[in-house]
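J.: Below are the C-alpha cells for one structure; questions will follow.
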C-alpha cells in the first residue's frame, strides 16, 4: 500500500473514530437508562411500602382499640352487676367484700381506660403520619413520572442521534480497506470503543505509556499499521508533516 494511501486510510480511521466514540458514549448512556429507571422505581416502591407499613400500623391500632374497648365494656358490665348484687347481701362482711371487689374492678377499668387513651393518641399520631406520607408520596410519584418521561425523551434523542451517526459512518467506511476496517473494528470492540489514538509527547493517548522512538519512526514511514505494544490500539501522529 502506498504512503499516500495509508495516510488517507488513517485520516479516514480518525474520522471514523470520532463518529464511533460518540456512538459508544451514546450507546453506553442508553444502556444505562433501564437500570436508572429501575433504581428510581425501586426507591419509590420502598417509599410506598413505608406508607403501607404505617397504614398497617394504623389498622392494628384500630383493632387494638376495639379489643381494649370490649375489655373495658366487660369490666363496666361487671361493675354494674356487682353493684346490683350489693343491696342483696345480708351480712356486713359480704357487703365489705363486695365493695372491695367493686373497687378492684373499677381500678382495673381505670387502667384499661388509660390504655384506651394511649391507643387513641397513637391512632391520631399515626393518622397524621399516614396523611403526611400520602401527600409526600403524591409528590414523589409526580417526580418519578417526570424523571421517567425525561429519560424516555433522552432515549429518543439518543436513537435519533445514533441514526445520524450511522449515516455518517456509512459515508466513511466505503473508502477504507476491508482488512484495515476489520482490524479497526476488532480493536474497537475489545478496547471500549477506542481503536485509534494519537501519539502526543511520545506517549500513547490510549494508555499513556511511552512510545519508543523507533515505533514513532515506523508510524511516520506509513508502510503499515502500527499497534501500541501496551494497549494494542492503532497509533497515528496528528498533523504529521510530509
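Values quoted throughout were computed directly from the atomic coordinates according to the rules given, and no laboratory measurement underlies them. Worth saying up front: this structure is predicted, and the values here are computed from it rather than measured. Here the Cβ is made from the backbone with ideal geometry for all residues, glycine too, and neighbour counts use every protein chain on show.
J.: So for the pair residue 103, residue 209, with labels modelled 7 Å out along Cα→Cβ, what separation do we get in nm?
T.: Reported label-point gap for residue 103 and residue 209 is 9.6 nm.
J.: Another question, if that's okay. Could you pull out which residues in the stretch 95-120 have an amide N less than 14 Å from a spot 7 Å beyond the Cα of residue 67, following the Cα-Cβ vector?
T.: In the stretch 95-120, the label zone of residue 67 (backbone N under 14 Å from the point 7 Å along Cα→Cβ) covers 116, 119.
J.: To the nearest 10 degrees, how steeply does helix 178-190 sit against the main Cα axis of the chain, on a 0 to 90 scale?
T.: Taking the Cα atoms of the chain, the angle to 178-190 is about 30 degrees.
J.: In addition: By how many degrees, between 0 and 90 and to the nearest 10, does the Cα long axis of helix 92-172 differ from the longest principal axis of the chain?
T.: Around 20 degrees separate the two axes.
J.: While we're here: Can you classify the stretch 177-242 as rounded, prolate or oblate using the Cα gyration tensor, where a ≥ b ≥ c are the square roots of its eigenvalues, rounded means a/c under 1.5, and otherwise it's prolate if a/b beats b/c and oblate if not?
T.: oblate
J.: Let a ≥ b ≥ c be the square roots of the eigenvalues of the Cα gyration tensor of the stretch 26-176; is it rounded (a/c under 1.5), or, if not, prolate (a/b larger than b/c) or oblate?
T.: prolate
J.: Okay, next question. Per DSSP H run of at least 4 residues, take -39500 (n - 2.57); add these up for the chain, divide by its residues and hand me the 222 nm value, nearest 500 deg cm²/dmol.
T.: -29000 deg cm²/dmol
J.: Compute the long axis of helix 3-86 from its Cα atoms, compare it with the longest principal axis of the Cα atoms of the chain, and write down the angle in degrees, 0 to 90, nearest 10.
T.: Taking the Cα atoms of the chain, the angle to 3-86 is about 0 degrees.
J.: Which residue fluctuates most in the GNM of the chain (Cα springs below 10 Å): 221, 98, 151?
T.: 98
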